[in-house]
Amino acid sequence: MIQKSTDGISRARTDHHGPTTSRNRGVVVRSGVEPRLRDGTVRRRDDGETPMTEWTPTTCMRCAVGCGHLQQGYANHYGLDTVRGDANHPVNRGLACQRGIDETADPDGEWLTRPLIREDGKLVATNWETAIGTVVSRMEDALAETRDGVAVLGSGQQTNEAAYALGKLARGGFGTRYYDANTTLCMASAVTAYYQAFGSDAPPPTYEDIPEARTHVIWGANPAVAHPVMYRWIADSAADDGELIVVDPVESETVDDADHHVQLDPGTDLAFARAVLTQVVDDGGVDREFVAEATEGFEATVASLPAVEDAAETAGVPVETVERVADAFADPTLLYWGMGVNQSVQGTATARALIDLCLATGNLSPGSGPFSLTGQANSMGTRVCSSKGTWPGQREFTDPDHRETVAEAWNVPVDRLPDDPGPGPVGIVDAIADGPPEVCWTVATNPVAGMPDGDRVREALDETFLVAQDAFRTETVELADVVLPAATWGESEGTATNMERRVSRVRAATETSPKIKQDLDAIVAIGAEIDPDAFPEPEVSPRAAFDELRELTAGTAADLSGISYDRLDAELAVRWPAPASDEEGGYRYVDDDGWEFATSSGRARFSTGVHGGLAEPTDDDYPLTLTTGRRADAYNTGVRSRGDGTDAPPLARIHPETTLEYIEAFDRGKTVVASRRGSATVAVNPDDGVPKGILWLPIHHPAVNVLTLPAVDPESDEPNFKQCAVDVRAPRPSNPLVHEGHQATDGEPAATDD
Ligand code: SF4
């Protein structure tokens, strides 16, 4: 029996595991289900005698809160039986959310159970030797033409060890520019902003600062459903004599709890942030002492600020709202933000404007500061170790000394390392379509559903030799030429790093079939064939991979060298930077001697970004604005949570007056939403929580990204998922091209009259 509360946090049950006490309050136990096991069968645990493994302490791999789990598997079968929060884990102390538990113990989705290879247009079963042999052969042919012949798309779903090995192989073994991860689809703007402002990635605060803050500003995020355990701490702190302000164009579960909801127009976050800063300056709210002591560039920022009235009008909010938010920064403020800020052509500039607000008001010490909300469980780890935009340990990509160090550690020639980190995922898809990559390898990611302009992504990947490594059948797997079945949550060994920089062990609580490989094993098996100098052994243990990684980070801003597996066994989770085995990172950049940032001057930098308009404004042909957001159950392109609803159309939230205005486009509760890139049939949910003229669709439904815009932030390469222009048109049920969810087009909007 699971007791589910209205806030999504599950509390202790009181039967098998004793009464609820202060120690186990918030623990959830997952049991009494009939899990579908990795071999496709359903294991009925109704005899009461099925032997179980010992409880295994591990880390939830669903989101970047990084809760510790205890997991129990079957002793005589593959699969997890029970998952619960770990009361000893320093991150969550036993709390866990229902979705993290459910998607771990009993995920939706079709398991991959053996390697597959395409023959006569169909995916058929093969063995690992044939699969790896085919992959290596095609990669070697492509690399013989050019080092950029192989493109690699990784993921924040991988362990640190797998992400490190994949980056080492992509950059050092292949030497390709065309390597990135789906983390660029959600966090890249925040990452770029942190580097520009502080000289180093990752939020300065930690979870320990949440109870200390008085004002909590959540901007472009819905942590009530995306990060339930962390949100509990925020909501508790706000309720305890604090204040919760939510900035979001649409109402959400988080907005429901807010003391004040700033309902700005989509794509105007930068204008509103600048209006607030102008108001802070006008009100005399600047912390002059902090600005003088610890920052640079403030005068240029002030000179670039708009008039409050003008910027408020751009954002579609009254001046009084600007004044209210500016006032709130006078108290210790934590400013959290998410995809609503990052997924914009001005994502980096907007994230920097939020950091500017913290700098100007002196909100950069314990109990305050900028705190981006990382999505995927190990997105932070990928940022530190995968050689995606920097070398391991945040070593600068173009720095000759760092390149020399990395090449030496990997035993590869330094001139094999690519000169630049590449064009980001959208640019990689362009390169796959136009060359030079001839092979694309996806690892724990589903770009066909997760990237903007989905039809173009599908076409590009369909044309290339595609290797898909995953645990489940996805839209990307369906296009693959070779499928490598990978271990997943509860089956993998390694570590993950949560959004507050804590590294925590990931352990297998169940064995897997020999037909399944851990990500790390598959990567090393390919690496040993492609480049035996860099990968001299056909197998590398997770411990050895982590030791190699942490050695390479020694002395860097993201120093992991003091975090060993033995230490993690004892302490469960340790924050970086940890340069010694008895040291752990805390609030960054400040100590008893004052502030010291990782920039060349040691000072934090202000910015001068100015609102630049929408990436795709509405017009007569596309008069509505589409924005996208998270449904409570959707993560990781929804592969583990779609249930039987994969073919059901996504539910569009539209203001009732807008549905009336376009009434001819609606037929029996459905309409076709068309953008310049494609169209999708959606079910309509009239909802006055969405402003007039705006249409809201859930991310992760495979139909939605057919519509979205592939324009990217030029600084971060992050796509502008959050806003594009669309029209609504009447569905034609008799048209065989129209099916629930997605309607293919040839580049033109879906015609409703052909
Ligand atoms: S909040 Fe995130 S990390 Fe914690 S249990 Fe839920 S999904 Fe897992």
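The values are calculated or read from the model by the stated rules, or taken from the named source; none is laboratory data. In this text, all values refer to a predicted model and were calculated from it rather than measured experimentally. For neighbour counting, all protein chains shown are included, and Cβ atoms are generated from backbone atoms with ideal geometry for every residue, glycine included.
General observations
- Of S200, S189, all but one fail to be buried (at least 24 other Cβ atoms within 10 Å of the Cβ) and hydroxyl-bearing (S, T, Y); the exception is S189.
- Pairs, first within 23 Å of S513 (Cα to Cα) and more than 14 Å from the ligand (Cβ to nearest atom) in segment 488-499, second of a type in the set (S, T, N, Q) and assigned to a loop (DSSP other than H, G, I, E, B), C-beta under 7 Å, six or more apart: E491/T510; E491/T512; S492/T159; S492/Q518; E493/Q518; G494/T159; T495/T159
- D591 being surrounded by fewer than 21 Cβ atoms within 10 Å (Cβ to Cβ) and not assigned by TED's automatic domain parsing to the domain that holds L695: yes
- Of the set (1) within 16 Å of the ligand (Cβ to nearest atom); (2) free of Cβ contacts under 8 Å to residues at least 12 places away in the same chain, all apply to G381 but (2).
- Subset tally (residues that are in a loop (DSSP other than H, G, I, E, B) and at pLDDT below 90) for segment 41-63: 12
- Hits in segment 428-483 (condition: closer than 23 Å to V712 by Cβ, of a type in the set (A, V, I, L, M, F, W, C) and outside any helix (DSSP H, G or I)): C440, W441, V443, A444, M451, L466
- One residue stands out among those in segment 64-76 that are at pLDDT 95 or above and part of a loop (DSSP other than H, G, I, E, B): the one that is farthest from the ligand (Cβ to nearest atom), which is A64.
Residues checked against (1) under 26 Å from G586 (Cβ atoms); (2) small (G, A, S); (3) modelled with pLDDT under 95; (4) more than 26 Å from the chain's Cα centre (by Cα):
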{"residue": "W111", "(1), (2), (3), (4)": "no, no, yes, no"}
{"residue": "W128", "(1), (2), (3), (4)": "no, no, no, yes"}
{"residue": "Q157", "(1), (2), (3), (4)": "no, no, yes, no"}
{"residue": "A170", "(1), (2), (3), (4)": "no, yes, no, no"}
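- Selection count, segment 468-523, where residues are over 21 Å from the mean Cα position of the chain (by Cα) and of a type in the set (S, T, Y): 3
Conditions tested, residue by residue: (1) basic (K, R); (2) free of Cβ contacts under 8 Å to residues at least 24 places away in the same chain; (3) within 12 Å of the ligand (Cβ to nearest atom).
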residue	(1), (2), (3)
T56	no, no, no
T59	no, no, yes
R62	yes, no, yes
L80	no, no, no
V83	no, no, yes
D86	no, no, yes
N92	no, no, yes
Q98	no, no, yes
D102	no, no, yes
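- The conditions of being outside any helix (DSSP H, G or I), touching an Asp or Glu at 6+ places or on another chain (Cβ under 7 Å) and within 22 Å of R62 (Cβ to Cβ) are not met by T488.
- A count restricted to segment 199-257 and to residues that are more than 16 Å from the ligand (Cβ to nearest atom) and of a type in the set (F, W, Y) stands at 1.
- Hits in segment 364-378 (condition: polar (S, T, N, Q) and either without any contact (Cβ under 8 Å) to a residue 40 or more places away in the chain or in a loop (DSSP other than H, G, I, E, B) (or both)): S365, S368, T374, Q376, N378
- Any hit, segment 587-602, residues being of a type in the set (S, T, N, Q) and touching a Pro at 6+ places or on another chain (Cβ under 8 Å): no
- Residue, surrounded by the fewest Cβ atoms within 10 Å (Cβ to Cβ), within segment 491-508, restricted to residues that are in contact with an Asp or Glu (Cβ under 8 Å, 6 or more places away or on another chain) and of a type in the set (A, V, I, L, M): A508
- Exactly one residue out of L305, L373, L335 is crowded, with 24+ Cβ neighbours inside 10 Å and farther than 30 Å from N446 by Cβ, and it is L335.
- Counting only residues that are touching a residue at least 60 places away in the same chain (Cβ under 8 Å) and assigned to a strand (DSSP E or B), segment 199-246 holds 7 of them.
- Screening the candidates T658, T671, T708 for the property of being in a helix (DSSP H, G or I), among the hydroxyl-bearing types (S, T, Y) and modelled with pLDDT of 95 or more yields one hit, T658.
- Any hit, segment 360-370, residues being surrounded by fewer than 24 Cβ atoms within 10 Å (Cβ to Cβ) and farther than 30 Å from D591 by Cα: no
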